[in-house]
1. Filter the range 170-204 down to the residues that are assigned to a loop (DSSP other than H, G, I, E, B), modelled with pLDDT under 90 and surrounded by fewer than 19 Cβ atoms within 10 Å (Cβ to Cβ), then identify the one that is nearest to the chain's Cα centre (by Cα).
2. Would you check if residue 272 is farther than 18 Å from residue 154 by Cα, surrounded by fewer than 14 Cβ atoms within 10 Å (Cβ to Cβ) and not assigned by TED's automatic domain parsing to the domain that holds residue 80?
3. Out of curiosity, is residue 295 assigned to a loop (DSSP other than H, G, I, E, B) and surrounded by fewer than 18 Cβ atoms within 10 Å (Cβ to Cβ)?
4. Would you mind finding the one in 87, 39 that is surrounded by fewer than 11 Cβ atoms within 10 Å (Cβ to Cβ) and either under 28 Å from residue 230 (Cβ atoms) or modelled with pLDDT of 90 or more (or both)?
5. Quickly run through the range 226-285 and pick out the residues that are at pLDDT below 90, out of contact with any strand residue (DSSP E or B) (no Cβ under 9 Å at 6 or more places or on another chain), within 29 Å of residue 41 (Cα to Cα) and in a helix (DSSP H, G or I).
6. Residues of the range 120-153 being in contact (Cβ under 8 Å) with a residue 60 or more places away in the chain, within 22 Å of residue 66 (Cα to Cα) and part of a loop (DSSP other than H, G, I, E, B), which ones?
7. Among the candidates 321, 313, single out the residue that is closer than 19 Å to residue 59 by Cβ, touching a residue at least 40 places away in the same chain (Cβ under 8 Å) and crowded, with 21+ Cβ neighbours inside 10 Å.
8. Which is surrounded by 23 or more Cβ atoms within 10 Å (Cβ to Cβ) and either at pLDDT below 95 or more than 22 Å from residue 166 (Cβ to Cβ) (or both), of 97, 65, 30?
C-alpha cells in the first residue's frame, strides 16, 4: 500500500476495500496448548475453590507444604477462564505492544495472559516505570492472571504496590515528564508455604520452625493485602491412593462450561453497569445484588465476630457467596452459600492471627 493510496482513501477519491476476517476459528485455537485440570490427582476441594475464583474473577491464595501441587493447579487456571472477547484481546495486545513484548508473527494476542514474575522483582517491575513509563507485570496481566509463587518471599514494598491496583483495576505511574494510567483488571493467584521450612501443620513431616520464625514468616504479608484476597484455601498433601489412581479427573473443558455459564449470568445481571463479574461489585451494589435472609445474616454475623473479620472481608464473603449461588443457578444466596464462602476466609485467623 502506497502513501497515495492512503491519501485517496481518506479524501474519498478511491476507498480501500474493507477486508473482513472470521475470528471464530482464530479464537477457538487458543485452547489448543492449555494445561488440563484432569492431570491433577486429588485436591478436589482446591479445584472447587479455583472454579469459584474463575467464575467470579476472585483473587485466591493457596497455602500448603512443598510438593502439594500449588503451582501445578495455578498453571491450569487459564484453561477454565472464559475466552478473550475481541475487545479484550485488543486491550491486551495494545499493552504488550507498548511494552515491546508483542510476539513476532502474532498481531493479536488471543490467550488470556498468565504472568508469573520471580520473587526478586522490584516494586516498579510490578507497577511499571522507566523514564517513559512502560507497563509493569500488573498491566501485562490485564484481563488475565498474575501468579505470585512463594508470596512471602517477595519484597514488602513490592507487595504493597498491589493494594490499590487490586481495588481500582488500574495503576498510575507518575514521572516528571508524564503521568500515565494503565489498566490492570486481573485475577491474582498467590501461593505460599505455611512457614519457612514449609511443613507447619503437615501430617507427614514435622515442622522445624520456632513460633517466632513462623510469625515472622507470615507477617511478611500485611493484613490490608490479605484482605484483598477473596479466597484463601489450604492445599493438603496428596493421598497415595489418589496419586496411584488411573481414573481421570474432570477436564478443564467441562469446568470451563460451568464457568462460562456463570459468567453469562453475571453479564446479564450487570448489563449497563459497566461491570462484568461479581468481584467488581461495590458497596452500594452489594445491598442490591447480595440480599440476605435472617438465617444467612445470623451465620455471617457469627463469623464476623468470631473470626474478627474486617469490613472489606465481609464484603468479599458476600461476593464469593454470590458467585457460589450463580454456579448453582440460584437466584438468592442461601445459608449453604454463605457457609462455604466463610470457609474460604478461615485462614485469616488460623495462619495470620
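1. 201
2. It is true that residue 272 is farther than 18 Å from residue 154 by Cα, surrounded by fewer than 14 Cβ atoms within 10 Å (Cβ to Cβ) and not assigned by TED's automatic domain parsing to the domain that holds residue 80.
3. No, not satisfied.
4. Going through 87, 39 in turn, the sole match is 87.
5. Once the filter is applied, which keeps residues that are at pLDDT below 90, out of contact with any strand residue (DSSP E or B) (no Cβ under 9 Å at 6 or more places or on another chain), within 29 Å of residue 41 (Cα to Cα) and in a helix (DSSP H, G or I), the range 226-285 yields 240, 241, 242, 243, 244.
6. Correct list: 149 only.
7. After ruling out the rest, the residue left standing is 313.
8. 65
The values are calculated or read from the model by the stated rules, or taken from the named source; none is laboratory data. Since we're looking at a predicted model, the values are computed, not measured. Don't worry about glycine lacking a Cβ; one is built from the backbone with ideal geometry, like all the others, and counts go over all protein chains shown.
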